[in-house]
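Taking it in order: structure first as structure tokens, then the write-up.
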Amino acid sequence: MEDIKYTVTAVILNDKGEVLAVSRKDNHNDFSLPGGWVDDKDTSLEIAICREIKEETGLLVKPTNLLQILSMHRGASMSYSYYVKEYEGEIETDEPHIVKWTDFEVIKNGSFGDWNTLVEMSVNNFGIIKNKE
């Protein structure tokens, strides 16, 4: 039997209710949530998503500022999404992608659109996104 691999993604919102999106490294028009594979060195899923957020966006997140909002087995992987309650720092990264604030429609139109649709539903079910004024 093949080992299950784990992935993590993060929902980070600004004061305007926009979500932080990261483009694919090879396609700057294809956006998704920050995240990636859990590495062997990661001691927990929360540590993994904090590492991924730092690598991809430059923002600092403490594991205690996360709320797991979705988990599901997909193919050969188990995927988890977290809402980031608080973060520090400014967007800054050396990775070859674009990081921008946008709405969920943009990330739902990307490569992981089906997953991001489920994430948005979870965010709404948790009452996280407030109505835009």
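Which of the following residues is modelled with pLDDT of 95 or more and open to solvent by 20 Å² or more (accessible area, probe 1.4 Å): Leu33, Leu67?
Residue meeting the stated conditions: Leu67.
Against the condition assigned to a loop (DSSP other than H, G, I, E, B) and either among the hydrophobic types (A, V, I, L, M, F, W, C) or open to solvent by 50 Å² or more (accessible area, probe 1.4 Å) (or both), how does Ile107 come out, does it pass?
No: the conditions fail for Ile107.
Could you look through the stretch 41-58, keep only residues that are of a type in the set (Val, Ile, Thr) and surrounded by 21 or more Cβ atoms within 10 Å (Cβ to Cβ), and pick out the one that is farthest from Val99 (Cα to Cα)?
Ile49
Restricting attention to the stretch 73-96, which residues are open to solvent by 50 Å² or more (accessible area, probe 1.4 Å), in a strand (DSSP E or B) and at pLDDT below 95?
Within the stretch 73-96, His73, Arg74 meet the criteria.
How about the stretch 20-46: which of its residues are among the β-branched types (Val, Ile, Thr) and in contact with a helix residue (DSSP H, G or I) (Cβ under 6 Å, 6 or more places away or on another chain)?
Val22, Val38
Please determine whether any residue of the stretch 3-11 is in contact with an Asp or Glu (Cβ under 7 Å, 6 or more places away or on another chain) and in a loop (DSSP other than H, G, I, E, B).
Taking every residue of the stretch 3-11 in turn, none turns out to be in contact with an Asp or Glu (Cβ under 7 Å, 6 or more places away or on another chain) and in a loop (DSSP other than H, G, I, E, B).
Between Val38, Val99, Val19, Val61, which is in contact with a Cys (Cβ under 8 Å, 6 or more places away or on another chain), modelled with pLDDT of 95 or more and either closer than 19 Å to Val123 by Cα or surrounded by 15 or more Cβ atoms within 10 Å (Cβ to Cβ) (or both)?
Val61
The values are calculated or read from the model by the stated rules, or taken from the named source; none is laboratory data. Here the structure is a predicted model, which means the values were calculated and not measured. In this analysis, Cβ positions are derived from the backbone assuming ideal geometry, glycine residues included, and neighbour counts consider all displayed protein chains. With ligands, DNA and RNA removed, areas are computed over all heavy atoms of the protein, side chains included. Shrake-Rupley method; radii C 1.70, N 1.55, O 1.52, S 1.80 Å.
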